[in-house]
1. Distance check, please: which entries in 96/135; 96/507; 58/87 exceed 32 angstrom between their Cα atoms?
2. As a test question: what accessible area, to the nearest 10 Å², does residue 394 have when a 1.4 Å probe is rolled over all protein chains in place?
3. Using +1 at the C-beta of Lys and Arg and -1 at the C-beta of Asp and Glu, which of 7, 100, 378 has the Cα lying farthest in the positive direction of the dipole of the chain?
4. If the cut-off is 18 Å between C-alpha atoms, which aspartates and glutamates fall inside it for residue 50, apart from same-chain ones fewer than 8 positions away?
5. Taking the C-alpha atoms of region 215-324, how large are the radius of gyration and the largest Cα-Cα span, Dmax, in Å?
6. Skip the ligands, DNA and RNA, and give the accessible area per residue of the chain with a 1.4 Å probe, whole Å².
7. Using only the Cα atoms of region 254-306, construct the convex hull and provide its projected area averaged over every direction, in square nanometres to one decimal.
8. Run down the lysines and flag those whose C-alpha is under 23 Å from the C-alpha of residue 228, throwing out any fewer than 8 positions away in its chain.
Amino acid sequence: MKVDNTQLYDYLSLNALVSREILTPLFTQAQQGGTQLSDLLLSQQVLSEKVLVEVQSKMFGFPYVDLSKIEILEQTLHIIPEQIARKASVIAFAKKGNDLSIAMTNPEDLQTLDFLRKKTNLNLDVHIATSSDIKTILHQYEKTLKAEFGDLLHDEEQGESLAEIAEDLPIVRIVDTLVKHAILQGASDIHIEPLEKSVIVRYRVDGILRQAMSLPKNTLSGIVARIKVLANLKLDEHRLPQDGRFKMETDEYKISFRVSILPVFDGEKVVMRLLDEGSQGLTLEKMGLFGGALEVIHREINKPNGMILVTGPTGSGKTTTLYTVLDILNQPEVNISTVEDPVEYRMENVNQTQVHAKIGMTFAAGLRSLLRQDPDMIMVGEIRDKETLEIAIHAAMTGHLVLSTLHTNSAAGAIPRMVDMGAEPFLIASTTNMVIGQRLVRKICDECRQEYKLTPKELQTLRGSYDMDSLLATMIRLGAVQEGQTWTELGLYKAVGCGECGNLGYKGRRGIYEVFEVEETVEKLIVENATSDALEKAARQMGMITMVEDGFFKALGGVTTVEEILRVTKE
């Protein structure tokens, strides 16, 4: 519900709910930026969502309901179909005779109210509730994975051929259910793994692989056949690996699936990567970049030529960072071409080429051909060999901006890696603009995080992994810690677990970064064949924040936990 900025300002100041010293600058910012004052109050944590909704309730005369304190009967909830409930953020929470009590985030949505009156033929008692409460109640529409499989697994496979089994109704429903639950849980991958007597289904959520289901072994051939049909793969090929893709699209989501099928000892293992094509475009800020690192990236990506590299292990979000940078650079007046293996996300106005090594279409061959296509910017999925590296350096020298990835543990480590691959140090120094090193940490759940302070014993344990005194000095410089404070006085956060995060304590992921800029001092060191430690030391003296420092800054801000930083940065 959109609240007029002036009305909200007047109400909050008249009722002394927020001091004018805090409220007035935010009101001015909202008016000048054309944004909602309510959004700024939430993002700056001046008011909680609950307090803000209670204020809106009093301003507009809609009663507020705290859904977290109400037990909703299943038959009452299902009076409003799930699709409408999700689309309009509306929940039926009580029914008495012909009166139905509903909760909405926007009780002024007259179109939805008219529709519900006609559909239910009931009198509506409209309340206002927080979006987080409604989101939590929406989970009640979802059956558990095991409950949904209750009836399916008793059906025997019918049909004489794999093609018939693949279209058999129980098998279709099993695959659809596995996929639906993966989407609902925000999984990035589905693993279907045959064992001797069963089939294990695992989902990777926020980078962690967890078992979701165990199925009878006799379902394997049908499940694999169904996925092969969806991905347009050969049904009768069981000895060789196969790769394919397919899409699923509804009103709520548009997901692209990348399928890999590999023969293993007990059958065929399937891994499906889920790519959300309907999600809002990421920004560098949303990914977790800020301050000096963000300024360096914007400065370097706007240069007309040179090489920009993103480093980190598999699954650290390198491709996402490249696509986000490409999205910023994607303007009508520039020609952007890519060579990828595989093409993960489709981008408008970007010429994307898929690598096919079997027919000679390697990264090097594709990159060489791209240079004849008059590109302004080139993205190479990964630099894997000397030939690709040499062509990329040549492209950067001849007026192109080249973006790519390397597998190294740190940003500074990319330089010796390129030297090891056979590139001349003086060419690396003159063409490399910047290297971004990154990892992904799980984001702590806002609903259940718990503050705590480090004990002397815990601090001593951390000293075994990190230079805690140097880290503290950096935190003071970044403004996260006041001068004179010690580690045992600072508030950090623990992952507890609640219904909102599936009792995991974490929900979503955020990047931790180090941005290594190749300026004059660093260029000289590269030409002198300096080690990665020497390069990193020079960059830190110029103001670079390391991944570990960035991680601790985010831990102090309540974004993640110290345990997560240890998990992704210990080598």
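1. On the way: 96/135 24 Å; 96/507 37 Å; 58/87 25 Å.
Check vs 32 Å cut-off fails for 96/507.
2. Around 100 Å² of this residue is reachable by solvent.
3. Projecting each Cα onto the dipole axis, the largest value belongs to 100.
4. Cα-Cα hits under 18 Å: 39, 66, 133, 446, 447, 500.
5. Just the Cα atoms of region 215-324 yield Rg and Dmax of 19.6, 58 Å.
6. Values: 28530 Å² over 571 residues.
Result: 50 Å² of accessible area for each residue.
7. Numbers: hull surface 28.0 nm².
Projected area, direction-averaged: 7.0 nm².
8. Here the lysines satisfying the reach criterion relative to residue 228 are 180, 197, 217, 247, 254, 269, 358.
The values are calculated or read from the model by the stated rules, or taken from the named source; none is laboratory data. Note that the structure is predicted; figures quoted are calculated from it, not measured. Quick reminder, even Gly has a Cβ in these numbers, built from the backbone with ideal geometry, and neighbours come from all protein chains shown. Surface areas here come from the heavy atoms of the whole protein model, side chains and all, with no ligands, DNA or RNA. Shrake-Rupley method; radii C 1.70, N 1.55, O 1.52, S 1.80 Å.
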